[in-house]
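One structure below.
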Amino acid sequence: MPILHLSLRSLWNRRMTASITIAAIAVSVALLLGVQMLRAAAKEGFTQTVSGADLLVGARTGPLNLLLYSIFRIGDATANVSWASYRKIATHPDVAWTIPISLGDTHRGFRVLGTNNDYFAHYHFAGTQSLTFTAGGPMRDIYDAVLGADVARSLHYRLGDNITLLHGLGAVSFAEHKDKPFRVVGILGKTGTPVDRTVHVSLEGISAMHIDWQSGVQAPPALRVKADEARKRDLTPDSITAFLVGMRSKVMTFTMQRAINEYRQEPLLAVLPGVARDQMWSLVGIADTALTVVAAFVVLAGLLGMLTSILTSLNERRREMAILRSVGAMPRHVFTLMLIEAGTLAISGVFAGVFLTYILLVVGRSVLADRFGIYVPIALPTLQEVEILTAIVLAALGIGLLPAAQAYRRTLSDGLQIRV
Amino acid sequence: MSMTARLIALALSLLTAVAVAAATPPKGVRQIDWQALLPVAERGSYNPSPPPPIHDYLGEGSMAALQTGSYTPNPELNGVRVKLPGFVVPLERGKNGLIDEFFLVPYFGACIHVPPPPPNQIVYVKMRAGAGLSSIEDAQWVTGILHVAIKTSELGAAAYTLEGEKMEPYQFAGH
């Protein structure tokens with residue numbers, strides 16, 4: 001105990017250098033922990049986004065591309081699926097349900113998704129969780145909209161509000177669908193998936209919006225179709241972007257997939273969402289591993305910084321050691337003293353790092369969710385993270401052996417005689 | 001028989017015994033292959049030519065549906081604890097990215113490169129506890145209780161479902 005006390009007092013005496021060393025370790029620990037948390041959250045988001053659907057069908061492209069634009073709303077579609085093909089598959093006797101997905105418009109940076117009410121019945125995420133409404137309910141009219149949790153929260157929308165959708169994917173555009181406003185009829189509960197950042201409208205609503213659009217621009221004012229006139233028109237869509245399929249029997253998934261991929265009337269692509277997701281993750285995993293390696297090296301740099309500061313201090317502390325020796329400290333006491341010092345620095349650094357990570361998390365999590373769609377939960381460190389932190393402390397003690405051994409050797413003779 | 005021959009025979013039989021012991025799964029688990037999932041009557045009817053694509057599944061009116069294989073499972077396997085090697089086609093991943101539900105199929109690429117396996121060559125696995133799977137390209141041993149849906153003509157259920165207890169990487173027999 002006196003050694004611990006002595007060690008802490010000695011460190012306190014050098015509190016300036018000590019706190020900088022602790023800060024260096026803290027920053028590196030925060031980086032490593034932050035990367036760990038981010039990758040766990042990203043992976044969770046990836047794996048939990050869509051579940052329960054047997055097939056994802058879109059125009060012929062790559063499996064990853066299809067998954068990215070239709071489910072994660074990253075990038076855009078190369079082509080659409082014709083309504084006729086969609087209906088043919090949707091009405092097949094082996095198909096239990098389908099969810100149509102029609103993309104291409106936005107509302108203040110949030111993607112608009114045209115679908116029908118099957119979406120709210122059959123879309124599942126995180127295993128078996130289905131979508132819930134915190135207010136209102138599904139769409140009943142052509143011009144009804146259901147908002148994801150984040151859309152409602154960040155734009156402060158309530159039931160009954162009117163919203164104008166934008167043509168295209170930019171957050172700001174002059175190509176507005178101003179003449180056909182939508183009314184908010186439902187707000188969904190938080191899911192932690194891209195659904196939170198989506199404005200859902202009916203497929204007919206999407207058709208109505210674009211009824212008087214030709215060649216990428218709206219018709220001149222005189223030729224425009226008013227919102228109520230559009231109701232009388234045939235609003236069956238020509239095409240949709242993609243759709244999810246639930247099979248009556250899971251064993252028919254492969255047969256249906258093959259039939260869709262070899263469909264002669266239209267080039268289509270059907271993928272098993274789980275397979276595409278795993279393929280995507282193995283791709284993302286490379287960057288993810290690289291990031292972890294970099295973070296690990298930063299921690300190593302932090303620990304080496306600690307080693308440098310302890311080693312340099314040894315020279316200044318020859319007197320201190322000599323005095324300790326003269327009052328009866330054994331070389332092994334000096335050894336322990338040095339080791340306690342390294343341990344104290346590392347443990348304080350780790351705790352400060354964890355603290356820093358949580359502060360950054362609290363501050364940055366809404367930005368992460370809004371900008372990148374990554375939802376990082378504020379939770380206690382996982383077992384794996386605790387293991388990593390313990391490993392850092394052990395590594396610090398290991399590194400601390402070096403100055404401790406040096407001090408041990410020197411204290412046998414050094415410091416008592418005055419050198420010139 | 002000479003002494004040497006006898007010794008050799010003894011050594012050989014001992015070696016075989018050891019080899020068999022090494023290959024036999026723990027008690028109560030029947031190690032099976034994909035042939036065992038076929039009903040006895042279908043096992044001999046192997047058609048070496050690749051099955052034609054299944055164009056008429058979506059009613060395009062071109063070729064007749066010519067998917068090989070059948071829905072008929074082997075009823076003897078119902079309720080048996082089996083150990084079966086195969087490739088994993090992931091369906092659901094739960095918390096921590098562990099795999100909960102998947103199709104076990106006899107060859108990889110069942111999903112893309114070659115015609116799909118017939119329903120009685122697909123096992124729908126639900127793991128009791130999520131299992132780790134690093135790569136979908138590696139074969140796995142899956143142990144669990146096999147359930148056979150006897151009434152399969154209506155496509156009401158997957159022909160085979162497996163209550164997965166354990167999943168471990170496949171090792172070559174020589175290792």
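The values are calculated or read from the model by the stated rules, or taken from the named source; none is laboratory data. Only a predicted model underlies this, so the values are computations on that prediction, with no experimental measurement involved. Every residue, glycine among them, receives a Cβ derived from its backbone with ideal geometry; neighbour counts consider all protein chains shown. For accessibility, only protein heavy atoms count, side chains too; no ligands or nucleic acids. Shrake-Rupley method; radii C 1.70, N 1.55, O 1.52, S 1.80 Å.
Observations, loosely collected:
- Only Cα pairs under 8 Å and 6+ residues apart enter the sum, and on that basis the relative contact order of chain A stands at 26 percent.
- Close amide H pairs (under 5 Å, H built 1.01 Å from N) link B:His147 with B:Gly79, B:Thr161, B:Leu162, B:Glu163, residues at least 5 positions away or on another chain.
- Across the range A:1-84, the mean sequence separation of Cα contacts (distance under 8 Å, 6 or more residues apart), normalised by length, yields a relative contact order of 16 percent.
- 3J(HN,Hα) from dihedral phi, the range B:75-87, Karplus parametrisation 6.51/-1.76/1.60, rounded to Hz, x for glycine, proline: x, 4, 8, 4, x, 8, 7, 10, 10, 9, x, x, 9
- The residue list A:Val393, A:Pro2, A:Val294 was ranked by how far each Cα lies along the charge dipole of chain A toward its positive end, using unit charges on Cβ atoms, and A:Pro2 comes out on top.
- Other residues with beta-carbon under 14 Å from the beta-carbon of A:Pro100 carry, at +1 per Lys or Arg and -1 per Asp or Glu, a net charge of -1.
- A:Val293 versus A:Ser326: modelled label distance in nm, points set 7 Å from Cα along the beta carbon direction: 5.4 nm
- Here the Karplus curve 6.51 cos²θ - 1.76 cosθ + 1.60, taken at θ = phi - 60°, turns the phi angles of the range A:64-69 into couplings of 5, 4, 4, 4, 4, 7 Hz, with x standing for Gly and Pro.
- Derived scalar couplings between HN and Hα for the range A:136-150 equal x, x, x, 6, 10, 10, 4, 9, 9, 10, 10, 9, x, 4, 5 Hz in order, rounded to whole Hz, by the Karplus curve 6.51 cos²θ - 1.76 cosθ + 1.60 (θ = phi - 60°), x for Gly and Pro.
- Cβ-derived FRET efficiency at R0 45 Å, A:Ala121 paired with A:Glu229, nearest 0.05: 0.90
- Between A:Glu387 and A:Asp238, the C-beta separation translates, for a Förster distance of 51 Å, into a calculated FRET efficiency of about 0.40.
- Positive dipole terminus of the range A:278-361, leading residue within A:Phe351, A:Leu324, A:Leu283 (C-beta point charges): A:Leu324
- In this structure the amide hydrogen of A:Gly104, modeled in the peptide plane, comes within under 5 Å of the amide hydrogens of A:Val112, none closer than 5 places in sequence on its chain.
- Charge-dipole axis of the range A:59-150 as Lys and Arg at +1 and Asp and Glu at -1 on Cβ define it, positive-most pick from A:Ile74, A:Pro63, A:Leu103: A:Pro63
- Full-stretch length increase - A:Arg264, A:Leu64 - with 0.36 nm per residue and alpha-carbon distance subtracted: 69.7 nm
- Of all DSSP bridge pairs formed entirely within chain A, close to 80 percent run antiparallel.
- Whether the range A:217-301 is rounded, prolate or oblate, judged on the alpha carbon gyration tensor where a/c under 1.5 counts as rounded: oblate
- Ellipticity at 222 nm from helices only: DSSP H runs of n ≥ 4 in chain A, each -39500 (n - 2.57), divided by the residue count, give -17000 deg cm²/dmol.
- Amide hydrogen neighbours beyond the local backbone of A:Phe72, cut-off 5 Å, H modeled: none
- Residue pairs, from the table A:Lys43/A:Lys250; A:Lys250/B:Lys126; A:Lys88/A:Lys180; B:Lys126/B:Lys166; A:Lys88/B:Lys126; B:Lys95/B:Lys166, whose Cα atoms sit over 22 Å apart: A:Lys43/A:Lys250; A:Lys88/A:Lys180; A:Lys88/B:Lys126
- Label zone at B:Glu163 (point 7 Å along Cα-to-Cβ), backbone N below 13 Å, the range B:123-139: B:126-129
- When +1 charges are put on Lys and Arg Cβ atoms and -1 charges on Asp and Glu Cβ atoms, the dipole computed for chain A relative to its Cα centre reaches about 1340 debye.
- On the beta carbon distance between A:Leu307 and B:Gln171, with R0 = 35 Å, the FRET formula returns roughly 0.20.
- Separation of the A:Tyr358 and A:Ser282 label points, Cα + 7 Å toward Cβ, nm: 3.9 nm
- Using a 1.4 Å probe over protein heavy atoms, the accessible area lost on pairing A with B, summed over both chains, comes to approximately 3200 Å².
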